[in-house]
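I have placed the structure first, in the form of structure tokens, so that the comments after it can refer back to it.
The values are calculated or read from the model by the stated rules, or taken from the named source; none is laboratory data. Everything numeric here is computed off the predicted structure, so don't read it as measured data. Every residue, glycine among them, receives a Cβ derived from its backbone with ideal geometry; neighbour counts consider all protein chains shown.
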Amino acid sequence: MYSAVKTKNHNLKAKIVIVGAGPAGASLAIRLAKNDFSVALIEREKFPRHKLCGEFISPECLAHFAELGVLDAMLAAGGDRISETVFYAPDGKNVTVPSKWFNNEQNALSLSRAEMDERLLEKARESGVEIFEETQATGILTESGRICGVKLKRQGGETQELAADILIDATGRASVLGKLAEKIEIQNSRFKIQNSERKSQQLKSGKQKRLVGFKTHLSGAAIEKSRCEIYFFRGGYGGLSRVENNLANHCFLIEAAIVKEFSGDADAIVEKLIFKNKRAAETLGIAAPVNDWLAVSVDGFGVRNLNPAKNLFAVGDSAAFIDPFTGSGMLMALESAKILSAAIAENSFAPELIAARYRNLHREKFQNRLRLCALMRRAAFSPTFSSFLIRALSANESARAFLARATRRSL
Ligand SMILES: Cc1cc2nc3c(=O)[nH]c(=O)nc-3n(C[C@H](O)[C@H](O)[C@H](O)COP(=O)(O)OP(=O)(O)OC[C@H]3O[C@@H](n4cnc5c(N)ncnc54)[C@H](O)[C@@H]3O)c2cc1C
């Protein structure tokens, strides 16, 4: 069991505290527990919970699920198997990307995050991970300029301190621990330099337009099984696919300035803007939301600080955020957890070695695809450009396959 006291003595293997039980945090916890590390996983919410996401689980994720021991549970959860994704320009022109381009053996899976994340969390529990749900990380504990634990707040308001040799930020795009680390004085000039690099990265991302994501589950959507459809419209794009319980997930990303024009009313955006995409009007026209819209703000894409302090590492979206049109954010979360767990297992007592290994692996795996997505982003938010690209790609299958695969390709 985890003690609430700080410790200077290392056990045989480091104690690892992971904050955030999305796919990055939960899968990392499972992998580390399998390597006999003592792992605690902290999650603000009580699972199962709804989560804003397109809920398109890319085919390559299924190999990760098999390694993590959750594949059968995921496939039995009632989601839809997606054999193709069809991208629609506003005028109805479209291109198809078959799932087999990413994995010859498995289709993609469309399953709610409530179901998917719950299954990963349960597997982590079974693997011996100590789980704290409804518990928020609110601060970082330091000793001699080094992180030694995390401050927690339970839903009832009680507070607790948890010791950690290694702390992991898996809090998603919010990068909660990375931001907390920036605020504290870490007495190590290397980290001061990294933090100033991080600020310049944030400046770069500041040039990107602020976006807002919306999501709800619908009944009555006129979309066939086995398909994911993506609709482009002024200032954004959205996805529709079937999930469990005969419902469909509708999720879209749109410029914040346009959301303001509609006073934040998601239904009005759907009817007055998204329905200008002919295919979206057909599939969504008679659908009705079965729960409230979730909304989040999205402030930038690309790599963040992987190692905000000596023994603090970021994983999943906290480490790098890729454009949702690729349907590969969860894949990156699972992949980054896999490489971080390997770096920790190889170098458990040496944060500098873990950091160096993790940085190299992360760059090798993700740099190219993030660069490509930055180039493609312009098309995603301009109806004219997306129509042009869809027309061009519909005539050339090999260019389409090349581009689709490049959104996931390592160096
Ligand atoms: C509009 C949109 C659509 C998307 N669609 C898709 C898609 O179809 N397919 C796909 O693969 N990816 C998609 N993504 C990306 C995908 O959602 C993310 O890449 C993925 O969720 C990252 O996983 P993660 O574990 O890093 O973070 P998250 O899934 O965000 O998990 C972070 C967890 O940390 C918890 N947390 C946060 N702060 C604290 C705290 N202080 N204390 C304790 N816990 C905390 C949160 O409650 C959460 O459970 C989409 C993203 C957006 C914005």
Residues within segment 42-81 that are out of contact with any Phe, Trp or Tyr (no Cβ under 7 Å at 6 or more places or on another chain), outside any loop (DSSP other than H, G, I, E, B) and not small (G, A, S), tallied: 12
Where E122 falls short, out of the listed (1) touching a strand residue (DSSP E or B) at 6+ places or on another chain (Cβ under 8 Å); (2) more than 10 Å from the ligand (Cβ to nearest atom); (3) closer than 20 Å to L68 by Cβ: (1)
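Would you call T407 away from the ligand (no atom under 16 Å from the Cβ) and β-branched (V, I, T)?
No; evaluated as a whole, the condition is false for this residue.
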Residue tally, condition closer than 19 Å to R408 by Cβ and surrounded by fewer than 17 Cβ atoms within 10 Å (Cβ to Cβ), over segment 102-139: 3
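What about E67, is it within 21 Å of the chain's Cα centre (by Cα) and within 13 Å of the ligand (Cβ to nearest atom)?
Details: within 21 Å of the chain's Cα centre (by Cα): yes; within 13 Å of the ligand (Cβ to nearest atom): no.
So E67 fails the test.
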Residue in segment 58-69 that is touching a strand residue (DSSP E or B) at 6+ places or on another chain (Cβ under 7 Å) and not hydrophobic (A, V, I, L, M, F, W, C) present: yes
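Rundown of residues vs (1) assigned by TED's automatic domain parsing to the domain that holds V19; (2) free of Cβ contacts under 8 Å to residues at least 60 places away in the same chain; (3) among the charged types (D, E, K, R); (4) farther than 18 Å from P23 by Cβ, yes/no style:
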site	(1), (2), (3), (4)
N307	yes, no, no, yes
I344	yes, no, no, no
N347	yes, yes, no, yes
A356	yes, yes, no, yes
H362	yes, yes, no, no
R369	yes, yes, yes, no
F385	no, yes, no, yes
S394	no, no, no, yes
Of all residues in segment 159-174 being near the ligand (Cβ under 6 Å from one of its atoms) and of a type in the set (A, V, I, L, M), the one that is farthest from S27 (Cα to Cα): A174
Among residues of segment 208-226, those that are touching a strand residue (DSSP E or B) at 6+ places or on another chain (Cβ under 8 Å) and either away from the ligand (no atom under 15 Å from the Cβ) or of a type in the set (K, R) (or both), counted: 9
Residue in segment 342-351 that is in contact with a strand residue (DSSP E or B) (Cβ under 9 Å, 6 or more places away or on another chain) and of a type outside the set (A, V, I, L, M) present: yes
Looking only at segment 27-63, and only at residues there that are within 15 Å of the chain's Cα centre (by Cα) and farther than 29 Å from Q155 by Cα, the one that is surrounded by the fewest Cβ atoms within 10 Å (Cβ to Cβ): E60
Failed item in (1) within 30 Å of R357 (Cα to Cα); (2) within 16 Å of the ligand (Cβ to nearest atom), with A343 passing the rest: (2)
Test for A181: is it within 16 Å of the ligand (Cβ to nearest atom), at pLDDT below 95 and crowded, with 20+ Cβ neighbours inside 10 Å: yes
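For (1) in contact with a Phe, Trp or Tyr (Cβ under 6 Å, 6 or more places away or on another chain); (2) under 21 Å from L41 (Cβ atoms); (3) within 14 Å of the ligand (Cβ to nearest atom), each residue gets a yes or a no:
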residue	(1), (2), (3)
N291	no, no, no
A295	yes, no, yes
F301	yes, no, yes
A319	no, yes, yes
M332	no, yes, yes
S336	no, yes, yes
N347	no, no, no
A356	no, no, no
N360	no, no, no
Residues of segment 1-43 classified as at positive phi and at pLDDT 95 or above, total: 1
Counted residues, segment 227-272 - those being away from the ligand (no atom under 16 Å from the Cβ) and over 23 Å from F301 (Cα atoms): 10
